[in-house]
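**Q** For reference, the structure I am asking about is given below.
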Amino acid sequence: MCAVTCSYPNGSVFIVPLERGGAARGVVARTASEGRLLFGYFFGPRLPSKAKADLAGLEPGNAVLRLRFGDLGLLKGLWPVIGKLPDWNPAKWPMSSAVRRDPLGIRRPVLVRYDDNDPSKVLSEEILENDNDLPSDGLAGYGFVEAKLSKMLV
């Protein structure tokens, strides 16, 4: 839910431009109650152009990346919204737990669980013996997302 009226409610599908041309698709799965912070699913393959983007094949299990990100790319219109998934069901698109890792490796990894309705609210943190290859915790800017997807979708 957006604190202010927004043009990208949960279930919205948008286009992410990629380095060296092409595009990827993303789905807004959760919006923080205060807005500006989102959780989304991102999909390959690299599309040859924005014009080739549609809503077909967007299933949670097909995502190549899931993370919390800021909405600046959407807000500025750099990531255009192309539609909304029909029959949007948030239960089918859950929030992911993530691992906060110490970049120096001194402290043990911490499993972070977020509120399923608000990606800005931490429900719990638990120290882990190892991180079990879970996604990294953090908040990505739109430039990071574009660069990461560009490297993943060669």
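Readers should treat all values here as calculations from the given coordinates under stated rules, not as data from a laboratory. As the structure is a prediction and not an experimental result, all values here were calculated from the model. Please note: Cβ atoms are built from the backbone with ideal geometry, for glycine as well, and neighbour counts cover all protein chains shown.
**Q** Under the classification rounded if a/c is under 1.5, otherwise prolate if a/b is larger than b/c and oblate if not, where does region 110-154 fall, given a ≥ b ≥ c as square roots of the Cα gyration tensor eigenvalues?
**A** Here region 110-154 falls in the oblate category.
**Q** Moving on. Helix-only estimate, please: 222 nm mean residue ellipticity of the chain, summing -39500 (n - 2.57) across DSSP H runs of length 4 or more and dividing by its residues, to the nearest 500.
**A** Helix contribution divided over all residues of the chain: -2500 deg cm²/dmol.
**Q** What pairs in Lys84/Lys148; Lys52/Lys151; Lys50/Lys76; Lys50/Lys148; Lys52/Lys84; Lys50/Lys121 have C-alpha atoms more than 22 Å from each other?
**A** Lys84/Lys148; Lys50/Lys121
**Q** Right, something else. Take the alpha carbon atoms of region 104-154, find their center, do the same for region 34-52, and report the distance between the two centers in whole angstrom.
**A** With region 104-154 and region 34-52 each reduced to a Cα centre, they are spaced 18 Å.
**Q** Using the 2.2 N^0.38 Å rule of thumb for compact globular proteins, work out how the chain stacks up: its C-alpha Rg over that value, please.
**A** 1.04
**Q** Sorting check: for 33-44, 108-119, 81-92, which peptide has the highest mean count of neighbouring beta carbons within 10 Å, and how do the rest follow?
**A** 33-44, 108-119, 81-92
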